[in-house]
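Working notes for the structure below.
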Amino acid sequence: MPVRVVENNAPAQVSGNDPGNRSPLPPSSLLAAGQAFSGTQNVSNQQKEEAWRVNVQIQGIDLEHGYLCGTMEALNVPMADTPVITFWEGEIVDGKNYTFYTGKWEATREDDMRHWSKFPSFAPLQGQVESDGGRQLDLSNYPYIFMRWKEQYFVNVGTDCGLTIAGFYYVCFSCSDGSISGFYYDPNSSPFQKLELKTVNEGRSGFSFSSYELQ
Amino acid sequence: MPTTTSSSSSSAASSSGNRQADVFSRLASSDPEVKLKALREVKNQIIGNRTKKLSFLKLGAVPAIASALSDADCSSNSSILVQSAAALGSFACGFEAGVQAVLDAGVFPRLLRLLTSSDEKVVDAGARSLRMIFQSNQAPKYDFLQEKNMEFLFSLLNSENENVSGLGASIIAHACGTSVEQQVLCDAGVLEKLVLLLDGSLSQREACLESLATVLKSNPEAVSRFVGLEAGRYMSSVTELTKDRYPRTRLLSCLCLVVIYNTSPSYFLNMGTKSSLVTTLLELLNDPGQSGDEAALGLSSLIAEKEDLQKLAYEANAIKNIVDILKTGSELNPKRLQGLFLSLAELCSKLEDCRCSFLSLEMLDLLVNELRHKNADVRTAACICFRNAARSIKNLSAGRFTTDHVMLPLVQLLHDPSSSVQVAVLGALSNIVLDFSSPKSTFIEYGGIKQLIELSKSMDPNTRCSSLRALRNLMFLADNNRKELFYSEVKAQGFVALISDPEPSVQEQALALLRNLVDGCINSIEFVFDEDGLILDTVGRQLRKAPQAQMAIQGMYVLTNVASGTELHKEAVMQQLFPQPQAESNNFMLKFLQSHESQLRSATVWTIINLISPSSPGALDRHVKLRNEGIIPQLKNMVNDACLDVKIRIRTVLSQSMSFGDN
């Protein structure tokens, strides 16, 4: 007989909304330093359809502070001769360090809601977030992690390469299979450029994990 | 008796030498007036003058003055007693060689006797002199546990004479070391006596603050007793004194509060007090004297491990202030340098903003210079500063730390004569070698791998652990070249020795290193099969020995990584998990699945996921075996595991299980 699994679709409520008492999110195996992801960013606009291949690697994650960082490599970028690599830093929406409201980077609350609501996994949370900013949500048991990723600098090309890193990504990570989707937001670029990534296993039949420890 | 007269007509060049030699014969004179004048002369020359102290010392002034004091003691010549005590006190003041000489001259008991004189001036001089001696670590041990010593101490504290009561406090400040001594002093009522000095003269207040800090340090009962005195009145007094006009008073009261905070932080719930303490110490950093030196160490002690205080300090511009002091270019004394670097290190310990701020101020060159400082404490503090700044992944990724002129001096310090420097630099290098698969590694170019391997064989387990951690970080996302460079120095036998280290923490790092080695390109898995699978066998053996959780986690990730390879690799892992023959009670997988450590449960489930990964032909057979060994049924019991990550992985296994037609 198949085992009956207790499904918990929507996140539970926390009692009390004091941010001082919130815990960071628990670790998720596939959102860890050393994990690599690969996929595409759709940069289509009215003129043409275009997609870049993208590789992302997570270099560090600090759940206590809701922080992570890594590199993003864009291949077959028309204006560049080589792949373009950037370094990005991320904010994890955990209700402790960061909320669904960006509060900077020229993103209004309406922009935030417009983007988050494009993720199907945000739907169960939407009502709560709209009413009180999601202050009472307990995200620690929700199998999706929401983040904002902001590119900080170009690693291997100059700033005159014709590409912009002025905006940021709204990101949704699926804890179960490590897939990532995101939407790039920049008031001066085409809206809703979509990022879609999956985990990379480098020719292996299964998952492999490396790690480091800072002293 | 003929007396020598000062030869005022002599030329200047020869006169000082003559006068010095001359003064010795006058010190030995039997004419008290002559002796007295000579004593005054010496005393006046050496006050505040270290060079003069040294030169008189070398000529044997201290024994000569000690004799003068002994003679005067017998003849009760007060003036000579006063002057000789004063001169001896001056020699001992802030001058360790002087303290040594005074103690060697055997005059300490005589100085103590002066305290019982009927002449107040004599008592004063004796007390002042003894206080200077008790500022030094060379002061004789004071046994507080002896009743008569305690009585004597209290007689000092009870004295009306401020120098004598101050001496009592000084003795406590510098001689009280253990919690037993603190207890004995508190039980005898020393806190109640000391706090009365807070309302006394400047010198009494300062002595009191110093001694309070010593009695309260790391002793919650003592702190509780102190805070309870007169419903917190004295605690308030100490807090008020942080705003006193004298810098030394401000410093000593801050240090007292730091001790109380570190012992019992619950007395500091008020953000304002915390903030004020931080900003007062920051201001004191600018004091050019001893207060500034001690303020730096005090600040580092205050903010250590406390993210909220580090944030307060950062917001009060601490990093910029400290960097400005360091960049003044003037020669800072070692104690201050140490304190400043340790404060910077604490600021950078947890907050990424602080690290980025510090690194943006172009401080690495200055820090590199101090790695060559002649004082080992300064070198150690500089290394700790490096280590904490290098916790910034952003800056590591940008290659901030791997330039030649930073890396080379750090690598050279691995051979530093001081072991505390070696430990500190190993910690710094551990972080700095993390270069996220950058193809070039300056660390490796400087022979770093060989040095780390050498250190992994050290007698000291901490060194072995640290060096392996550095190697582990060096092998994170490493390419095949780098892995080969390392492995060729160690080979299978060497690795087995590391994994079998008697210390669990060392085993843990060795296994984590192995985990990184077999990650990446699929061919890397072959390392564990070298020499007939020696390494893999050892991993299996260690896992069967009921290891500590942290070690087991790394071991299971080694198996996970190997199990992500080919059929052969997966089968080899199965053999380690279920060697034939084996009693069911030896099934460590079941034990790990029931561990309290969620990471261990998670790592174990990942191994299973890889073993039954549908893309490999033998998956079904392995699934049958896992089911028969009770592993799959155990997972079914864990569908509602408290840890989300574990729960998710178990569902992956069970859905795969169902697709195998599991009933």
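The values are calculated or read from the model by the stated rules, or taken from the named source; none is laboratory data. Not measured: the values here are computed from a predicted model. Positions of Cβ are backbone-derived with ideal geometry, glycine not excepted, and every protein chain shown enters the neighbour counts.
I need every pair where a residue in segment B:85-111 that is polar (S, T, N, Q) has its Cβ under 6 Å from the Cβ of a residue that is part of a helix (DSSP H, G or I), sequence separation at least 6 or different chains.
B:90/B:43; B:90/B:46
Checking the conditions here, which among B:272, B:329, B:289 is surrounded by fewer than 23 Cβ atoms within 10 Å (Cβ to Cβ) and more than 26 Å from residue B:253 (Cβ to Cβ)?
Selected residue: B:329, the only one of B:272, B:329, B:289 that is surrounded by fewer than 23 Cβ atoms within 10 Å (Cβ to Cβ) and more than 26 Å from residue B:253 (Cβ to Cβ).
Provide a single number: the residues in segment B:571-595 that are within 13 Å of chain A (Cβ to nearest Cβ) and either modelled with pLDDT under 95 or surrounded by fewer than 24 Cβ atoms within 10 Å (Cβ to Cβ) (or both).
Residues in segment B:571-595 being within 13 Å of chain A (Cβ to nearest Cβ) and either modelled with pLDDT under 95 or surrounded by fewer than 24 Cβ atoms within 10 Å (Cβ to Cβ) (or both): 1 in total.
For residues in segment A:192-205 being within 7 Å of chain B (Cβ to nearest Cβ) and in contact with a Gly (Cβ under 8 Å, 6 or more places away or on another chain), which is modelled with the lowest pLDDT?
So the residue we want is A:202.
Taking helices (runs of 4 or more DSSP H) that fall entirely within segment B:146-233, which contain at least 3 residues that are of a type outside the set (S, T, N, Q) and within 27 Å of residue B:247 (Cβ to Cβ)?
In segment B:146-233, B:162-175, B:190-196, B:202-216, B:220-228 are the helices (runs of 4 or more DSSP H) which contain 3 or more residues that are of a type outside the set (S, T, N, Q) and within 27 Å of residue B:247 (Cβ to Cβ).
Conditions (1) at positive phi; (2) at pLDDT 95 or above; (3) β-branched (Val, Ile, Thr), marked per residue:
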site	(1), (2), (3)
A:133	yes, no, no
A:155	no, no, yes
A:162	yes, no, no
A:170	no, yes, no
A:175	no, yes, no
A:190	no, no, no
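Let me spell it out: the conditions are (1) of a type in the set (A, V, I, L, M, F, W, C); (2) more than 9 Å from every other protein chain (Cβ to nearest Cβ); (3) within 30 Å of residue B:623 (Cα to Cα), and residue B:495 meets all of them except one. Which number is the exception?
Every listed condition holds for residue B:495 apart from (3).
Determine which single condition residue B:520 fails, assuming it passes every other condition in (1) surrounded by 18 or more Cβ atoms within 10 Å (Cβ to Cβ); (2) out of contact with any Leu (no Cβ under 8 Å at 6 or more places or on another chain).
(2)
Might you let me know whether segment B:120-133 holds any residue that is under 16 Å from residue B:207 (Cβ atoms), of a type in the set (Asp, Glu) and surrounded by 18 or more Cβ atoms within 10 Å (Cβ to Cβ)?
yes
If you go through segment B:597-607 one residue at a time, do you hit one that is within 39 Å of the chain's Cα centre (by Cα), β-branched (Val, Ile, Thr) and more than 14 Å from chain A (Cβ to nearest Cβ)?
No; the residues of segment B:597-607 include none that is within 39 Å of the chain's Cα centre (by Cα), β-branched (Val, Ile, Thr) and more than 14 Å from chain A (Cβ to nearest Cβ).
For segment B:448-475, name all the residues that are in contact with a Lys or Arg (Cβ under 7 Å, 6 or more places away or on another chain) and closer than 14 Å to residue B:516 by Cβ.
B:475
Out of the residues in segment B:623-663 that are of a type in the set (Val, Ile, Thr) and within 11 Å of chain A (Cβ to nearest Cβ), which is surrounded by the fewest Cβ atoms within 10 Å (Cβ to Cβ)?
Checked segment B:623-663; the qualifying residue surrounded by the fewest Cβ atoms within 10 Å (Cβ to Cβ) is B:639.
Out of all the residues in segment B:299-309, which are surrounded by fewer than 24 Cβ atoms within 10 Å (Cβ to Cβ) and within 14 Å of residue B:282 (Cα to Cα)?
Residues satisfying the conditions are B:300, B:301, B:309.
Let me confirm something: among A:86, A:71, A:40, which residue is away from chain B (no Cβ under 14 Å) and β-branched (Val, Ile, Thr)?
A:40
Looking at B:510, B:470 in this structure, which one is farther than 24 Å from residue B:401 by Cβ, in contact with a Leu (Cβ under 7 Å, 6 or more places away or on another chain) and crowded, with 24+ Cβ neighbours inside 10 Å?
B:510
For segment B:612-622, indicate whether the set of residues that are among the basic types (Lys, Arg), buried (at least 16 other Cβ atoms within 10 Å of the Cβ), over 27 Å from residue A:138 (Cβ atoms) and within 13 Å of chain A (Cβ to nearest Cβ) is non-empty.
Taking every residue of segment B:612-622 in turn, at least one turns out to be among the basic types (Lys, Arg), buried (at least 16 other Cβ atoms within 10 Å of the Cβ), over 27 Å from residue A:138 (Cβ atoms) and within 13 Å of chain A (Cβ to nearest Cβ).
Write out, first by first residue and then by second, each pair whose Cβ atoms fall under 8 Å of each other, whose residues are 6+ apart or on separate chains, and whose first residue, in segment B:636-663, is assigned to a loop (DSSP other than H, G, I, E, B) while the second is of a type in the set (Ser, Thr, Tyr).
B:641/B:598; B:642/B:598; B:643/B:598; B:643/B:602
Give the residues of segment A:95-128 that are in contact with a Leu (Cβ under 8 Å, 6 or more places away or on another chain) and at pLDDT below 95, sorted by residue number.
Passing the criteria: A:95, A:128.
Working only within segment B:224-237, note down all residues that are buried (at least 22 other Cβ atoms within 10 Å of the Cβ) and within 28 Å of the chain's Cα centre (by Cα).
Correct list: B:226 only.
For residues in segment B:550-569 being assigned to a helix (DSSP H, G or I) and in contact with a Ser or Thr (Cβ under 6 Å, 6 or more places away or on another chain), which is nearest to the other protein chains (Cβ to nearest Cβ)?
Among those residues, the one meeting the criterion is B:561.
Based on this model, can you work out whether residue B:528 counts as within 14 Å of chain A (Cβ to nearest Cβ) and under 19 Å from residue B:576 (Cα atoms)?
yes
Is it true that some residue in segment B:165-184 is of a type in the set (Ser, Thr, Tyr), under 30 Å from the mean Cα position of the chain (by Cα) and modelled with pLDDT of 95 or more?
no
Would you tally the residues in segment B:401-423 being outside any helix (DSSP H, G or I) and either out of contact with any Ser or Thr (no Cβ under 8 Å at 6 or more places or on another chain) or exposed (fewer than 14 other Cβ atoms within 10 Å of the Cβ) (or both)?
Summing the residues that are outside any helix (DSSP H, G or I) and either out of contact with any Ser or Thr (no Cβ under 8 Å at 6 or more places or on another chain) or exposed (fewer than 14 other Cβ atoms within 10 Å of the Cβ) (or both) in segment B:401-423 gives 4.
For segment B:425-452, how many residues meet the condition of being of a type in the set (S, T, N, Q) and modelled with pLDDT of 95 or more?
Of the residues in segment B:425-452, 3 are of a type in the set (S, T, N, Q) and modelled with pLDDT of 95 or more.
Conditions (1) among the β-branched types (Val, Ile, Thr); (2) within 14 Å of chain A (Cβ to nearest Cβ); (3) under 17 Å from residue B:372 (Cα atoms), marked per residue:
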| position | (1), (2), (3) |
| --- | --- |
| B:411 | yes, no, yes |
| B:414 | no, no, yes |
| B:451 | no, no, no |
| B:463 | yes, yes, no |
| B:476 | no, yes, no |
| B:479 | no, yes, no |
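Which pairs turn up if I take residues in segment B:131-143 that are within 11 Å of residue B:103 (Cα to Cα) and look for partners that are among the small types (Gly, Ala, Ser) and not in a helix (DSSP H, G or I) with beta carbon separation below 7 Å, at least 6 apart in sequence or on another chain?
B:133/B:139
Among the strands (runs of 3 or more DSSP E) confined wholly to segment A:59-178, which include 1 or more residues that are more than 14 Å from the chain's Cα centre (by Cα) and surrounded by fewer than 20 Cβ atoms within 10 Å (Cβ to Cβ)?
Of the strands (runs of 3 or more DSSP E) lying wholly inside segment A:59-178, those with at least 1 residues that are more than 14 Å from the chain's Cα centre (by Cα) and surrounded by fewer than 20 Cβ atoms within 10 Å (Cβ to Cβ) span A:67-75, A:84-92, A:144-154.
Are any residues in segment B:615-644 of a type in the set (Gly, Ala, Ser) and closer than 16 Å to residue B:563 by Cβ, and if so, which ones?
Hits for segment B:615-644 are B:615, B:616, B:618, B:619.
When you go through B:549, B:492, B:497 one by one, which is the residue that is free of Cβ contacts under 8 Å to residues at least 60 places away in the same chain, surrounded by fewer than 23 Cβ atoms within 10 Å (Cβ to Cβ), hydrophobic (A, V, I, L, M, F, W, C) and touching a Lys or Arg at 6+ places or on another chain (Cβ under 9 Å)?
Sole residue among the options that is free of Cβ contacts under 8 Å to residues at least 60 places away in the same chain, surrounded by fewer than 23 Cβ atoms within 10 Å (Cβ to Cβ), hydrophobic (A, V, I, L, M, F, W, C) and touching a Lys or Arg at 6+ places or on another chain (Cβ under 9 Å): B:497.
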